[in-house]
Amino acid sequence: MIYYVQKTIEELDSLLTKISCDGLFLLMDENTERLCFPLVANTALKNAVPIVIGASDANKGIESLCKIWQALINGGASRHSLLVNLGGGMITDIGGFAAATFKRGIRFVNIPTTLLSMVDAAVGGKTGINFSGLKNEIGAFRNSEAVVIDTSFLHTLDDENLRSGYAEMLKHALLSSEEMWYDHINFSLEHPNLGALQQMVEQSIAVKSSIVERDPHEHSLRKALNLGHTFGHAFESLALQRGRPILHGYAVAFGLCCELYLACLLTDFPEEKMQETLRFVHQYYGTFPLSDKDYPALLQFMRHDKKNTAGHINFTLLSDVGCPSLDNQATERQIIQALNQV
Ligand code: GLY
């Protein structure tokens, strides 16, 4: 269930009253405790037991998970307790996984505070942590009781984080319809209109939810949501290896460029729509610095993608805007040609 909140205090209180529980816990990271908790401090959450972990993806591991489990035990949590996750994708992923595994599963509510988590991470039941240097390697599918979307949190975001979340919205638009795609590539990220963005967030979540409802465990259709991510994850891993990490959405935006190019080659995606999308990405996200020396590492990262089957690198492509094509394979030469698009 997704709730859009306009007046945080009253609406959050009435939602939390509906979910009866014998203990209320609030997971935050150091940033959301400082920047976002004040926006909900006058709700029922003021009486919740706070659990605070370090911010950033580096803290999305087993140590933080143990800290959350221990805090639940110390606070006397039972199977009828409720965990509220207030934060970006890192918090909703690890909090969801802590809740999914504590006493074989307690209920949780996600209050995403970044654009990326509103339109993607907090919605759809994927939970998890990083392990052994691999992103989201350990996890579970577990739905939250509710996702509370309050776009006033967007005012706490810097430009880069806004653009990062917007890349997932662009992906949803490409998967959805010509009209939605057109609106998205004509939106100004230089001077974003947050009122208009709020409506686009609802539309974007609706695209994701309708795909997840039809295929919650990613047996087929949900793979469409991986558009841009095979290349995207490889860019993200390479940037991390270089010691110059980039935000997930930037990696996805560059991944979309490469995968739309492959789509032109392999699934007849119209070239002018590819060019228009690339223009938008290059205008607002710049380019990913690459030389041919990086190709072997990028190919290696793609080969290790957990979405692969039987040793093949699988790509989600499009035959047109709104028409996903799943499980495509490309030659090494085509992949390298596509890398030249960023
Ligand atoms: N982020 C892609 C998915 O939830 O399936």
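Rule-based calculations on the coordinates, nothing more; no lab input. Computed from a predicted structure; not experimentally measured. Here the Cβ positions follow ideal geometry from the backbone for every residue, glycine too, while neighbour counts run over all protein chains shown.
Ranked for footprinting exposure by Cβ neighbours inside 10 Å, fewest first, Cys36, Cys264 give Cys264, Cys36. Estimated at 0.36 nm per residue, the fully extended path between Leu290 and Trp69 surpasses their Cα-Cα distance by 75.4 nm. Entry note, the chain: relative contact order of 14 percent, from Cα contacts under 8 Å with a spacing of 6+ residues. Taking Lys and Arg as +1 and Asp and Glu as -1, the other residues whose beta-carbon sits under 13 Å from that of Ala48 total -2. Computed over the chain, the percent of Cα pairs more than 39 Å apart is 13.
Taking each DSSP H run with n ≥ 4 as -39500 (n - 2.57) and averaging over every residue of the chain yields -14500 deg cm²/dmol at 222 nm.
Residues of segment 246-263 with an amide N closer than 19 Å to a point placed 7 Å from the Cα of His282 along the Cα-to-Cβ direction: 250-263. From least to most packed, judged by other beta carbons within 10 angstrom and beginning with the fewest, Glu236, Glu11 follow the order Glu11, Glu236. Restriction of the GluC sites (Glu not before Pro) in segment 160-214 to DSSP coil positions whose beta-carbon has at most 14 other beta-carbons within 10 angstrom yields Glu190.
Taking only the C-alpha atoms of segment 191-342, Rg followed by Dmax gives 15.5, 46 Å. Taking every alpha-carbon pair under 8 Å whose residues sit at least 6 apart, segment 212-342 reaches a relative contact order of 30 percent. Among Asn130, Asn42, Asn85, the largest mean-square fluctuation in a Gaussian network model of the chain (Cα springs under 10 Å) belongs to Asn42.
Is the shape of segment 16-113 best called rounded, prolate or oblate, per the rule: a/c under 1.5 gives rounded, else a/b larger than b/c gives prolate, else oblate, with a ≥ b ≥ c the square roots of the Cα gyration tensor eigenvalues?
The shape class here is oblate.
Estimated at 0.36 nm per residue, the fully extended path between Thr17 and His304 surpasses their Cα-Cα distance by 98.8 nm. Cβ crowding within 10 Å ranks Tyr182, Tyr284 as Tyr182, Tyr284, fewest other Cβ atoms first. Using the Cβ of Lys208 as centre and a radius below 10 Å, the other residues enclosed give a net charge of -1, where K and R count +1 and D and E count -1.
Among residues other than Ala338 with Cβ under 12 Å from its Cβ, the summed charge is -1 (Lys and Arg +1, Asp and Glu -1). Computed on segment 1-158, with alpha-carbon pairs under 8 angstrom and 6+ residues apart, the relative contact order is 26 percent.
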